[in-house]
1. Which residue, LEU223, ILE213, ILE195, has the largest displacement toward the positive end of the dipole of region 186-231 when charges sit on each Cβ (Lys, Arg +1; Asp, Glu -1)?
2. Among the lysines, select those whose C-alpha is under 16 Å from the C-alpha of LYS26, and discard any that sit fewer than 8 residues away in the same chain.
3. For region 126-232, what is the convex hull (Cα atoms) projected area averaged across all directions, in square nanometres?
4. Give me the Kirkwood hydrodynamic radius of region 34-82 in Å, from all C-alpha pairs, to one decimal place?
5. For region 54-147, state the semi-axes of the equivalent ellipsoid (square roots of 5 times the eigenvalues of the alpha-carbon gyration tensor), sorted largest first and rounded to whole angstrom.
6. What Kirkwood Rh does region 186-231 have if only Cα atoms enter the pairwise 1/r average? Answer in Å.
7. I need the semi-axes of the equivalent ellipsoid of the chain: take the C-alpha gyration tensor, multiply each eigenvalue by 5, square-root it, list largest first in whole angstrom.
8. I need the P(r) histogram for region 1-71: all alpha carbon pairs, bin width 10 Å from 0 out to the longest distance, whole percents.
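The values are calculated or read from the model by the stated rules, or taken from the named source; none is laboratory data. Just so you know, these numbers come straight off a predicted model, no measurement behind them. Cβ sites come from the backbone with ideal geometry, for glycine too, and all protein chains shown count toward neighbours. We work out accessible area using only protein heavy atoms, side chains counted, and drop any ligands, DNA or RNA first. Shrake-Rupley method; radii C 1.70, N 1.55, O 1.52, S 1.80 Å.
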Amino acid sequence: MKFYILTLFPEMIEGVLNTSILGRAKNAGCISFEAINIRDYTLDKHKKVDDYPYGGGAGMVMQAQPIYDAYQAVCEKAGHHVKCIYLTPQGQLFTQPAAKSLALEEDICLLCGHYEGIDERVLEEIVDEYYSIGDYVLTGGELPSLVMIDAISRMVPGVLTNSESGEDESLENNLLEYPQYSRPETWNGKQVPTILLSGNHKKVDEWRHEKSIERTKERRPDLYAKFLENEC
Ligand code: ADE
């Protein structure tokens, strides 16, 4: 799967995507990414990419032309229409099922805004889907893009090893993960739950499932309500 990221700050993207599991997946050829500097496409002789908003108001607006041309270059390179996603608090909430579904695409293009936003006309022209990563406002679309790329990538076959694999995708059935423990058996006077030392896999699975339910009820009553709905 290939990710194209349209941004004014490609260095913010590259550092993260070359690290850890995503860096490994890239080197193994499971995913690839290309951060494209929108500024490279401006026709303005001073390399300007933003201007004052018509109607007045604070801040600057990213102009249509450089974004449109950068996106056209992406489609030309891919040889087909590439799904364009704009990151904005006004979008639909990005969730685990959305990550799973987007992982089926051959490629996607993530458009990162900055300043007070982007000229609406280019959004109307190129954006297929609007996504938000939560109800708060960030300074730009780069961090949300990275969040989406991370969550989507781990759903792409081959990105996670068997032991890292998302088989236990708790959020898919509206449950949070159970608590985990590692060595030593006693730390700071606290004992690892004895059931986990028993070697009885059936009992361990039952205990973990119970803990998942308990934890979801306590920490995320909204998810717990959905879990109960699905159980019926
Ligand atoms: N851009 C700024 N804030 C954002 C958010 N919460 N989600 C997606 N894009 C954003």
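1. ILE195
2. Once the sequence-local lysines are set aside, what remains near LYS26 is LYS2.
3. On the way: hull surface 44.6 nm².
Taking a quarter of the hull surface, the average projection is 11.1 nm².
4. Working: mean 1/r = 0.0831 Å⁻¹.
Value: 12.0 Å, from the Cα pair sum.
5. The answer is 22, 19, 10 Å, longest axis first.
6. Values: mean 1/r = 0.0815 Å⁻¹.
For region 186-231, the Kirkwood estimate is 12.3 Å.
7. 41, 20, 16
8. 19, 37, 26, 15, 4, 0
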